[in-house]
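Asker: This is the structure, below, for whatever I ask next.
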Amino acid sequence: MADKEVALIIGAGEGLSASLARLCATQDMDVAVAARNPAKLENLCAETGAKAYACDVVDGASVDALFDAVVADLGVPNLVVFNPSARVRGPITEVDRDAAKDAMLITSWGAFVVAQKAAALMLERGSGSILFTGASAGVKGYPNSSVFAMGKFGLRGLAQALARELHPQNIHIGHFVIDGGIRKAAGDPRAADRGEDGMLDPDAIAETYLHFHRQHRSSWSWEIELRPWVEKF
């Protein structure tokens, strides 16, 4: 186990998470993927050799159990990627409060719980990377998207604070502002509607994540913004 890097991708599914799993597997990393419903990851695991785990990021006990299982099976993760988020659209006067609370818990509270557990393990070892998938909503709020903005602003604030706290302790923190839609598959109908390169290619995003993880610590970033070249600012 000690000879290989371990990548843990939380909130796994198709799109970016699948691209990350495939790329990490080609780099001879042991890959763990986690979702509330790990059964949906069966094909991805068959393709990549990844191990699937159940996890609800809102539940601290579930997060602890995930990390305990991954450590027992593969070792302490060198790379942890947090992908979960939730949207609730609508005017502020019409948004359901319970749905808004649940979305906030997934997007920002879940990130805190995962980061807390990952950081404790990485600090004990003395190294590691924790990467958070953000969105343009984390730097600018949009109409009828107050809940998503709150969650993503919270995620970005968490990442910025952790970078300042943990970078000097050799734990690399990354926040990725994904400014645009991510193509889910080659036949994604949204991609055809937006034209060539109108959506971000998940394989290309995954390459940036891996490069970020491998940055030399003399020139670490804490945040990077990614958008299609045709996306309007």
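Asker: From a point 7 Å beyond the Cα of E231 in the direction of its Cβ, which residues of segment 134-170 have a backbone N at a distance under 18 Å?
Answerer: 134-143, 145, 148-157
Asker: Here are labelled values, (i) -0.64, -1.03, -1.18; (ii) -0.71, -1.19, -1.40; (iii) -0.80, -0.99, -1.05, and one is the computed log10 I(q)/I(0) by the Debye sum over Cα atoms at q = 0.12, 0.15, 0.16 Å⁻¹ for what I pasted. Which one?
Answerer: Given (i) -0.64, -1.03, -1.18; (ii) -0.71, -1.19, -1.40; (iii) -0.80, -0.99, -1.05, the structure-derived one carries the label (i).
Asker: Applying the Karplus parametrisation 6.51 cos²θ - 1.76 cosθ + 1.60 with θ = phi - 60° to the phi angles of segment 210-224, what ³J(HN,Hα) value in whole Hz is obtained for each residue in order, glycine and proline being reported as x?
Answerer: So the J values, rounded to whole Hz, are 5, 4, 4, 4, 9, 4, 5, 5, 6, 9, 6, 8, 10, 8, 9.
Asker: Given +1 on the Cβ of Lys and Arg, -1 on the Cβ of Asp and Glu, and no further charges, what dipole in debye does the chain carry about its Cα centre, rounded to the nearest 20?
Answerer: Values: 23 positive and 29 negative charges, 115 e Å.
Using only the charged Cβ atoms, the result is roughly 560 debye.
Asker: Using label points projected 7 Å from each Cα along Cα→Cβ, tell me how many nm separate W220 and R164, to one decimal.
Answerer: Going from the W220 label point to the R164 one covers 1.5 nm.
Asker: Now a separate question. Which trypsin sites (Lys or Arg not before Pro) in segment 130-165 sit in a loop by DSSP (not H, G, I, E or B) and have at most 13 other Cβ atoms within 10 Å of their own Cβ?
Answerer: K140
Asker: If you don't mind, another one. Kindly express, to the nearest 10 degrees and within the range 0 to 90, the angle between helix 16-26's C-alpha long axis and the longest C-alpha principal axis of the chain.
Answerer: Helix 16-26 sits roughly 30 degrees off the main axis of the chain.
Asker: Give me, ordered by chain and number, the residues 5 or more places off G181 or on other chains with an amide H under 5 Å from its own placed amide H.
Answerer: Here the answer is L200, since their amide H atoms fall under 5 Å of that of G181.
Asker: Run the count for the chain, please: Lys pairs, Cα-Cα under 14 angstrom, 8 or more apart or on different chains. Each step should come with its number before you reach the end.
Answerer: Values: K40/K51; K101/K152; K140/K152; K140/K232.
Total qualifying Lys-Lys pairs in the chain comes to 4.
Asker: Using only the alpha-carbon atoms of segment 5-87 as identical scatterers, what base-10 log of I(q)/I(0) does the Debye formula give at q = 0.20, 0.23 Å⁻¹?
Answerer: Relative scattering, expressed as log10 I(q)/I(0), comes to -0.81, -1.09.
Asker: Can you give me the distance in nm between label points at K140 and A54, each placed 7 Å from the Cα along the Cα-to-Cβ direction?
Answerer: Taking the simple label geometry, K140 and A54 are separated by 4.2 nm.
Asker: Any idea what the relative contact order of segment 6-226 is, in percent, if you count C-alpha pairs under 8 Å spaced at least 6 apart?
Answerer: 20
Asker: Related question: If you line up the long axis of helix 60-73 against the longest principal axis of the chain, both from Cα atoms, how many degrees apart are they, to the nearest 10?
Answerer: So the helix axis and the longest Cα principal axis differ by about 40 degrees.
A short reminder: the numbers here are calculations on the coordinates, not readings from a lab. Just so you know, these numbers come straight off a predicted model, no measurement behind them. Counting neighbours? That spans all protein chains shown, and the Cβs are built from the backbone with ideal geometry, glycine included.
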